[in-house]
1. Positive end of the dipole of the chain, charges at C-beta (+1 Lys, Arg; -1 Asp, Glu), about the Cα centre: which of Ile2, Ala61, Thr82 has its Cα farthest in that direction?
2. Once both axes come from the Cα atoms, what is the angle between helix 53-68 and the longest principal axis of the chain, in degrees from 0 to 90, rounded to 10?
3. What residues qualify as long-range amide H neighbours of Lys36, i.e. H under 5 Å apart, gap of 5 or more or another chain, H built at 1.01 Å from N?
4. Quick one: if you stick a label point 7 Å off each Cα along the C-beta vector at His6 and Ala32, how many nm between them?
5. Just from its helices, what would the mean residue ellipticity at 222 nm be for the chain, if runs of 4 or more DSSP H residues each count -39500 (n - 2.57) and the sum is divided by every residue, rounded to the nearest 500 deg cm²/dmol?
6. Magnitude of the Cβ-charge dipole of the chain, K/R +1 and D/E -1, about the Cα centre, nearest 20 debye?
7. Taking the Cα of His23, stepping 7 Å toward and past its beta carbon, and measuring to each backbone N in region 41-56: which are under 17 Å?
8. Roughly what % antiparallel, to the nearest 5, for the DSSP beta bridges in the chain?
Amino acid sequence: MIQIQHHNNEKNGNFEALTDGKHAGLMTYTWAGTDKFIIDHTEVDEAFGGKGVGKAMLLAAVDYARKNEVKIIPLCPFAKATFDKNPALHDVIA
């Protein structure tokens, strides 16, 4: 099971994926003002590739954006491609 931990401060933050307590991936972002953040990098540990870790982190970011009424700018190629494939997530794109 994938668990997502969110770390945030006023300048940047990340969503870290853990599987059975082991680091599985990291998605980092930088705040662009107070109402949007830029997803700038996504990495998934090689051992967890193809297991939905990246998507789980992105969905956690979308959930956070919706709950906090902020928008996302997906500069990371993975995040951008995932948003492009999932129109149901477009409500949080800046």
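1. The listed residue farthest towards the positive side: Thr82.
2. Its long axis makes an angle of about 30 degrees.
3. For Lys36, whose amide H was placed from the backbone, the distant partners under 5 Å are Lys71.
4. 1.9
5. On the way: 2 runs with 25 residues, N = 94.
It comes out at -8500 deg cm²/dmol, rounded to the nearest 500.
6. Charge dipole, the chain, about its Cα centre: 180 debye, nearest 20.
7. So the set is 41-49, 53-54.
8. Values: 22 of 27 bridges.
Around 80 percent antiparallel, to the nearest 5.
Only the coordinates and a few stated rules stand behind these numbers; no lab work does. No experiment lies behind these values; they were computed from the predicted model shown. Positions of Cβ are generated from backbone atoms using ideal geometry, with glycine treated the same way; all protein chains shown enter the neighbour counts.
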